[in-house]
1. Do we have A:Thr338 as within 9 Å of chain B (Cβ to nearest Cβ) and of a type in the set (Ser, Thr, Tyr) here?
2. Count, please, the residues in segment A:652-666 that happen to be in a loop (DSSP other than H, G, I, E, B) and in contact with a Leu (Cβ under 7 Å, 6 or more places away or on another chain).
3. Out of A:Gly113, A:Gly47, A:Gly73, I need the residue that is in a loop (DSSP other than H, G, I, E, B) and under 29 Å from A:Tyr214 (Cα atoms). Which one?
4. For residues that are crowded, with 21+ Cβ neighbours inside 10 Å and modelled with pLDDT under 80, scanning just segment B:294-322, find the one that is nearest to B:Thr441 (Cα to Cα).
5. Considering only residues that are touching a residue at least 40 places away in the same chain (Cβ under 8 Å), assigned to a loop (DSSP other than H, G, I, E, B) and within 30 Å of A:Ile71 (Cβ to Cβ), which ones fall in segment A:190-219?
6. Out of all the residues in segment A:352-385, which are away from chain B (no Cβ under 14 Å), assigned to a loop (DSSP other than H, G, I, E, B), closer than 23 Å to A:Ala493 by Cα and of a type in the set (D, E, K, R)?
7. I want to confirm something. Restricting to segment A:300-322 and keeping residues that are surrounded by 15 or more Cβ atoms within 10 Å (Cβ to Cβ) and out of contact with any Pro (no Cβ under 8 Å at 6 or more places or on another chain), which single residue is nearest to the other protein chains (Cβ to nearest Cβ)?
Amino acid sequence: MTSRPQLQTTTTASLTYEDLSPDAVSWLHAFLIRSFEERLLKLFSEGKLFGTVHTCIGQEFTGVALASQLIEGDLIASNHRCHGHYLARTSDVDGLMAEVMGRLTGICGGRGGSQHICAHGVFSNGVQGGMTPVSAGMALAQKLNETGNIVVAFIGDGTLGEGTLYETLNVISKWNLPLMIILENNLYAQSTSQTLTLAGDICARAEAFGITSYHGTTANPRQLQSTMARAVSQVRDEVRPAFFRIDTSRLMAHSKGDDDRPKDELAAYWAMDPITRFTAQFPEEAAALKAHTEELVTRAVEAASKAPFANNGVDEKSVQTTPPWQQTSIEGKERMVTRIYQALKEHMTEDQRCFILGEDIEGPYGGAFKVTKDLSLTFPGRVRNTPISEAAIIGIGNGLALMGMHPVCEIMFGDFLTLAADQIINHASKFRWMYNDQVTVPVVIRTPMGGRRGYGATHSQSLEKHFLGLPGTRVLALHPRYDPHLVYQRLFATIDRPTIVIENKTMYGEYVTHETVAGFWAEHTREDFPTTRIRSSAKPDVTVVCYGGCLHEAEKAIDRLFEEHELVAEILCPIQIYPLNLGPILDSVKQSGRLFVVEEGQAFCGFGAEVVSAVHDAVSAGSSGSALSSARLGAKPHPLASSKAAEQDSLPGADSILAGILELVGHG
Amino acid sequence: MAEIVFVNIPQETVNDESVRILSWKVPSGSAVEKDQQLCEVETSKAVMDIEAPIAGTAIYTAAAGDEVAVGSTICQIVPAGMVAVDFATIGQAALSSNGSASSAGTPEIAPVATRAPLPLAEDPVVPVAASAAAEEYIANGAGGDQRPARLTALALKVAVEFGLDKDSFPRGSLVRRDDVLRKAGKLPPLDGGSRNRAVRNGAAGNGLTANGAGSEAAAPIASPVSSPAPGAKAARSAENEPVENAPVTGAGVDWTDLPRRKIFEGRVLAQGHARTVQSSVTTSVRAPRLRLRLEKQGLTSVGLGALVIFEAARLLRKYPEFNAIYDRGRIGQYRDVNVGWAIDGGQGLMVPVVPQADRKTPYEIVDIMHGQIDRYIDSALSPADFLGGTFTISDLSSDGITHFHPLISQGQAAILGVGGEVDASGDETLYLTLAFDHQLTEGKKAGQFVRELVARLEAHAALEAAPVALVAAPQPVAEPYCALCQRSGSALLKIKEMLVRSEVPAGFVCSVCLAGQS
C-alpha cells in the first residue's frame, strides 16, 4: 500500500502543503473535493463524461473527517458516491479525473469510471450494500494477519433497505472484526425521501447487533473529527466493529438531473454547508483554497484530455485445443467426499492463506455433506461456521481474496447460490477486470448440486447454468472417474479467479474409480481441469456430452446402447464447464457425426444449448452446411418433487438418455 | 413376547449408500448387554460404533471388511430364552474346537466380500467375480483396452453358432453382430480406411492405441476357430501353454478359455472335492400329495425347494456334522445354517444362499428365493446373495432327473441332491441323495438324516391327506403346548424355554425339542 500522494502546490504562491496545519489540510481536502465535483458537473454538461456522475457536494467532510484518522495500510470500501472518500484519503486528483473521464491513465485504466474505483487501498462498487460483506472479509484478513489496520465501509441511508447489510452487521459483531461502517445520512435515497421508506431508528439497528454506534454531522466538522477519532480508536485498539451515523446534506442531485426536492429545503441545506459558511467567514482564505484546488483540477483535466481512452485489453482466447489423452492413477479406494476432504486438508496444511467458511462446516458436524469433517479442529480459527447468510459468506470470501488470501466458501446447497448471486456476478466476477487487473479474486465456491435425494424443489436443483458465462470466472464440475483431489490440487496451485466447484450430491458417497462401462475405458486430456472421455476402441456412432452428476446415468445409457442396440457411444465429460474447451468434443463429433448433450438442469438456454450451437458453428465454419445431427436433454420443465418416482421421472436418467440417443440415431 | 431384533445399518450421513464394517468387538454367538458395542463401521464421515439395541445373543450376518448397504441387517440379537440357546452353545463349541477365539478373543473373519461364515486360518480366500475382474484388470495394466472383448447379447448368440467367443476377437474391442459375421466370413471385411480412422481416433498421438484392435484391423480378418490362423489368440496350441492337468498324450487338444464364471465354479467344486472324502446315501419318498399340499399353501412357485430347505435346515441343527467343515483332524461347526440352493435358468449355475434358513418360515424362504431368482434373471445377484453357505441343496426333480451325485462345495460337509420320478399313475417319487464328507461322520448318520427328512416331507403330504386330524388338534386347547413333548408354554417358561410356532407338526414346538435335545 502506498502512502497518500502529496498535493502538488508548486505553482500556487500563497500556499504550500507544508505550511498548513492539520486542520487546514482538512479544509484543503474539502475544497479540493468541492472543486473536483463542480468541475465534473461542468464536464458532464459539456458532454465530456460518460454515463452519469454522483457528486457528494455538501458531504465532503464525511471522507475528510475519516481520512484524518486513518494510518497507512487502513482500507476503505466505498460505494457509488466515492469521489470524496477517495480524494480525502489519497489526494489523487489526476488519477481519479482521468478515471472518471474514461482515460487509460485513470486509476482503473478508465474501465471502472465514477463508481468503480480501486487504488491506494480504496475499493468501490456500484451496488447498494454489496461492498459491506466484502469489507468484512477485508477486515477479517487484517485480523487474521494481525496487521493492526482497520477497514471502513461507507453506506448511504438508502442502503438500509438492503438485506446484505444486516447479514454483515451480524457477522462482524459476532466475529469482532475491525470494521467501521459509516452511514452518510442525507435523508434521500436517490429521489425518495427517507420518511417514505425507513422504519424505526437507524442507530438502533446497529445496536441491536451489539455494535457500538456513533453519531456526528458534517455541519460541525470539528466535533465530527473528534468523534471519529474515538470511533476509529475503538475499532483499531479494541478490535471491535463500530457504526457511525453522519448526518449530512447532498446539495446537488443524486445523479445528474434527478432532483425534485423543494427549493427552500435545498436553500436550508446550503445555509448549513460548512464550505459555504467558511467562505462567508474567511473569504480570502476560501478564495485561495478555491483557486488552488481549481488549478489542480484544471491541470488534471488537461492531462486526462490528452490521454487515450480506455481499452478492453486482450480477451482470453476461447480455448479449442485437444491436449494429449492420458490415464491417471487413482490410489486406493476412497469416496469422493474423502478425496475432497483430503485435498482441503492438504491445502490448509501447506498454505496459511487458506480459510474455509460456510454454514455448519465446523466439526464434529463437519458440513451437511461432511466434506470439512474435522478440519475446524485441526486448523482452529481457519474453518469457521457462519450464520445462515449466503451473501455474507461469498462477500467475505471476496474480501479475503482481494487481500490475497485463498478463501474456500461452502454453500450448503447449490440452490442457495441465488442468495449470493450479487456477490458472484457483480463483485467476484467484476473486480479483476473492472479494476484494470490490479487485483485477483482467488475465491473458491464449493457447492453441492443435483437431485435424486428427495430433497424437493428447493434443495435438488442444478442451477449452475445461471452462473456459466461470467467472464473472468471458472466453473468446475467434479465426477468420480477423475480424482477430485487432483482437481482441487491444481485449483489451489493455479487459482487466479473466482471458481465455482459443482459437487453433485449423489456422488459424495461414491468411490473414485476408473472402472466404467465394460469394454470402455476412461481417459483424460492433459490439462489442469481435463475433459474425461469414456471411450472404446470402436468408432463411435454418437458423441454424448455431459458433466458432473449426469456421467453416471450416461454410462448406464451407453452400456445398454451397446448391449441392446449394438451402437457405440463415446462420452465427453468436461470437468471445466466454463470456460469450455470445445476441442475434445469437436474431435469426437467429427468421428461420430452425432452429438447428444445431457444436463440435469433445465435445458432451455442451458449448457447443452451452448455446446450444440458452438459445435455447429465450429463444424460448419469453412464448409457449406454440416452433416452433424444433434439433440439435447435436460430436466422436465417443472420443479422437482420430493417423492422419489416423480423426481426420477423429471430428471434425465439412463432410460431417457438411451431413448434420446436412439431417436437421434434414428433407431427410435 | 421377546423377538429377535435385527441390527441394521442406520442412515447416518446424507452421502452414504453403504458403509464398511471395520471390526466386530465380540465373537458372533456371544452374549451381549444392551448398548454394548458390537462393531465399528466406517462411513464417509467418520468411524461410528454400532451398539446392541437389546441384550441377547449376537449372531452376525456380515463380516469385518464387508461393504454393506445402509439399512441392511448386519446382526441379529436373539433375546435370552429363545431358541438361540443352542446357537450359542454350538458357536462356543465351534470356537473352542478350532481355537480361534481362545487366543484373540475375537473371531478371525477374513476381510473379503465372500467367505465361509467361520473360515479357518488356512482357508484360501474365495475369489468372487468382482475381485477376479480386478485381478485381471491389474494383471493387464491400467489400460482398459487390455480386457477381453465385449460382445453384445446378439453378437454372442451369433458367435456361438460359428464357434466363436470373446477370445476370437482382439482384447479391448467391442463386438457387434456384424463384427461376428465379418469374422465368420459371412460379411465382407470393412475397408481399411474407415477402420483405420476409428483406430486413429484412439491413438491420438499418445501411444494409447488399442493395440489389439489396431493390429487386427491391419491384418486380414481371421477365419473361424475351426481353421485357426497361425498365432491367432482364439485357438492356442497346448504345447505353448503350461498346464496343470496334462491331457491324454497322442490326442490333439484345442484350448479355449472357459468363461470366468465357469472357472470360479470349478475352482470351488474342485476344492470341495480335494478336501473332503465324499460318500453318499440315497433314499426315496413317495409324495403323491406333496405338490398338491404346497400348491394349496402357495409355495409351489419355487418347486419343492422352499419346503426341502425349510425342513433340511431345521434338521441340520439336530445333525450338526452335516453343517460343518473338516480341517486336519478338527471339525469346524458352523453357527448358522445358511442353505445354498442351486439355480440354473440358462445364465449359468449359481448357488445363492438363504441365510439362517433354520429360523425362517417356508414363506420367508420363498420370498428370499423369489428375490434371488429375480436378481439371477437380471444378472444382479450380489456377493451378499452368495454369502456364507454352510450346506447346499440341488433340486433337479422338476427337470426330469431321477438320481444324481451332487458335488460338495468348498468349505462344506454335505450337499443334498433332489431328483424325482413320476410313474405311470402320475404319482411322484422323490430321490434324496445326501453326499457328505466321510471324514466327519458315517453313512449310518447320513441315512438317519435323509430318513428323518423324508419323514418330515411325508408329514406335509399327510397333512394334505388328512388335514382335519392334524390341523384341528391344537385348537380347542386354551394354552399352547409343544406338539412333540406336550409341555405347556407356562411350564416351559419356568425352565427358561419357549414355544415357537411350527408348521410340521402343526401348532407349536418347544425350543428344547426344536434344538433336537428331546
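1. Yes, satisfied.
2. 1
3. Going through A:Gly113, A:Gly47, A:Gly73 in turn, just one is in a loop (DSSP other than H, G, I, E, B) and under 29 Å from A:Tyr214 (Cα atoms): A:Gly73.
4. B:Gly305
5. A:Phe209, A:Ile211, A:Thr218, A:Ala219, listed by residue number.
6. Correct list: A:Arg353, A:Arg382.
7. A:Ala310
Here is a yes/no grid of residues against (1) more than 11 Å from every other protein chain (Cβ to nearest Cβ); (2) surrounded by fewer than 23 Cβ atoms within 10 Å (Cβ to Cβ); (3) touching a residue at least 40 places away in the same chain (Cβ under 8 Å); (4) assigned to a loop (DSSP other than H, G, I, E, B):
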position: A:Asp437; (1), (2), (3), (4): yes, yes, yes, yes
position: A:Ile445; (1), (2), (3), (4): yes, no, yes, no
position: A:Tyr455; (1), (2), (3), (4): no, yes, yes, yes
position: A:Thr458; (1), (2), (3), (4): yes, yes, yes, yes
position: A:His479; (1), (2), (3), (4): yes, no, yes, yes
position: A:His485; (1), (2), (3), (4): yes, yes, yes, no
position: A:Ala518; (1), (2), (3), (4): no, yes, yes, yes
position: A:Glu527; (1), (2), (3), (4): yes, yes, yes, yes
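The values are calculated or read from the model by the stated rules, or taken from the named source; none is laboratory data. This one's a predicted model, so the numbers in the text were calculated from it and none came from an experiment. Note that we place each Cβ from the backbone using ideal geometry, even for glycine, and neighbour counts take in every protein chain shown.
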